[in-house]
Structure formats: structure tokens, C-alpha cells
1. Just checking, which of 145, 126 is touching a strand residue (DSSP E or B) at 6+ places or on another chain (Cβ under 6 Å), of a type outside the set (Asp, Glu), assigned to a helix (DSSP H, G or I) and surrounded by 20 or more Cβ atoms within 10 Å (Cβ to Cβ)?
2. Go through segment 77-129 and count every residue that is hydroxyl-bearing (Ser, Thr, Tyr), under 23 Å from residue 65 (Cβ atoms) and out of contact with any Phe, Trp or Tyr (no Cβ under 6 Å at 6 or more places or on another chain).
3. Identify the residue in segment 52-65 that is under 15 Å from the mean Cα position of the chain (by Cα) and free of Cβ contacts under 8 Å to residues at least 24 places away in the same chain and, among all such residues, is farthest from residue 27 (Cα to Cα).
4. Filter the strands (runs of 3 or more DSSP E) completely within segment 18-87 down to those with at least 3 residues that are modelled with pLDDT of 95 or more and of a type in the set (Ser, Thr, Tyr).
5. Checking the structure you have, find out if any residue of segment 86-98 is under 13 Å from the mean Cα position of the chain (by Cα) and either closer than 16 Å to residue 26 by Cα or in contact (Cβ under 8 Å) with a residue 24 or more places away in the chain (or both).
6. Suppose we filter 144, 127 for residues that are in contact with a Ser or Thr (Cβ under 8 Å, 6 or more places away or on another chain) and either at negative phi or at pLDDT 95 or above (or both); which single one remains?
Amino acid sequence: MKKVTGILFLCIVLSSCFLFSKYRRTDFTYNEGSQSYTIPIVVPKGFVTEKTEVDSSGNTILSYVYKNNALFYIAHLEDTSTQLQPIEENKNEPRINLTTGALVYKGVDSTNLYWREIRRNDLRFGYRFVPKEWEVRFDSATNYGIVQRLK
């Protein structure tokens with residue numbers, strides 16, 4: 001029994017190392033009213049710029065830009081009408097994630113680069129200008145973030 005437990009533990013540790021080898025673990029912190037909240041997130045590695053902005057509406061946006069101009073972002077929106085990317089909602093019907101209740105928009109732009117945005121209440125997790133070979137990593141990072149908010 002100890003061998004089985006040891007092997008199972010080793011498999012979990014090795015798989016978690018493999019899972020996060022292409023990601024950087026960090027936190028997204030934002031204020032809502034007088035309270036501060038922190039969400040653990042994973043960000044695909046390889047970004048060249050990291051920037052946090054708080055605009056005049058109180059929206060907090062954390063963005064990562066990559067050398068090929070791909071963009072990954074996490075945002076808490078005080079003004080939920082704020083658009084972080086141009087999604088034509090009349091042409092893009094969202095899929096509803098049954099686990100989180102989030103709205104998931106996804107598509108390909110005119111240059112065959114992928115975009116995605118997950119919306120749950122006042123949070124947004126998304127990316128733009130992502131090539132096909134990076135799509136899975138960016139999808140995983142957005143999924144990870146939205147699930148963390150449930151905890």
C-alpha cells in the first residue's frame with residue numbers, strides 16, 4: 001500500500017511540474033470598494049512586458065505582451081461596459097461554462113490569430129493575437145484564472 005501511495009504521489013508531483021513548466025505563477029490583485037482581493041493566476045511564459053493599469057473608472061487591468069504582439073490580460077471591471085477587445089457580440093454568441101457560469105467568447109481574426117475572453121461578473125480573462133501553436137497554453141491560463149475565482 002505504501003508503494004502505491006508513493007507512486008501516486010510521485011506521479012502527481014511530476015505532472016504538476018510538467019503542467020506549469022510553460023507558465024509563470026503569480027497573483028492578480030484588485031480593489032472592490034474598500035476591500036482588496038487576490039486571485040492566483042498562471043501566465044504563459046515568454047512575455048516581454050507586464051503592466052498593471054487602474055483607470056479613472058476604477059478598472060484594474062493586468063496585461064502581458066509577447067514579442068509577436070500576442071496579448072494576455074486579466075481585469076476587474078468596475079465599469080462592466082468597458083471593452084478590452086473588439087468582440088462583436090451580435091456575431092459571436094458566447095458559450096456558457098457550466099462549472100463557473102462564465103461567458104466564453106472565442107474566435108479567429110482576419111489574420112488567422114486567435115482571441116478569447118471569459119467574462120464572469122466583473123472579471124475578464126482573455127487574450128488576443130495568439131498563433132495556433134500557442135492557443136492551448138493561453139486557453140489553459142484563462143481557464144485556470146476563472147476557476148480560481150470560485151474558491
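1. Values: 126 fails: assigned to a helix (DSSP H, G or I).
Criteria check complete, one pass: 145.
2. Of segment 77-129, the ones hydroxyl-bearing (Ser, Thr, Tyr) are 80-82, 99-100, 105, 110-111, 114, 127.
Now narrow it down to the ones that are under 23 Å from residue 65 (Cβ atoms): 82, 105, 110-111, 114, 127.
From what is left, the residues that are out of contact with any Phe, Trp or Tyr (no Cβ under 6 Å at 6 or more places or on another chain) are 82, 105, 110-111, 114.
So the answer is 5.
3. Taking segment 52-65 as the starting set, the residues that turn out to be under 15 Å from the mean Cα position of the chain (by Cα) are 52, 60-65.
From what's left, free of Cβ contacts under 8 Å to residues at least 24 places away in the same chain: 52, 61, 63-65.
Details: 52: 12, 61: 12, 63: 12, 64: 13, 65: 17 Å.
For segment 52-65, the residue satisfying everything is 65.
4. Working: elements: 23-32, 35-44, 47-54, 60-66, 71-76.
Ranges flagged: 60-66.
5. Step one: of segment 86-98, the residues under 13 Å from the mean Cα position of the chain (by Cα) are none.
Within segment 86-98, not a single residue is under 13 Å from the mean Cα position of the chain (by Cα) and either closer than 16 Å to residue 26 by Cα or in contact (Cβ under 8 Å) with a residue 24 or more places away in the chain (or both).
6. Working: 144 fails: in contact with a Ser or Thr (Cβ under 8 Å, 6 or more places away or on another chain).
Answer to the check: 127.
The values are calculated or read from the model by the stated rules, or taken from the named source; none is laboratory data. Predicted model only: the values in this text are computed from it and were never measured. Every residue, glycine among them, receives a Cβ derived from its backbone with ideal geometry; neighbour counts consider all protein chains shown.
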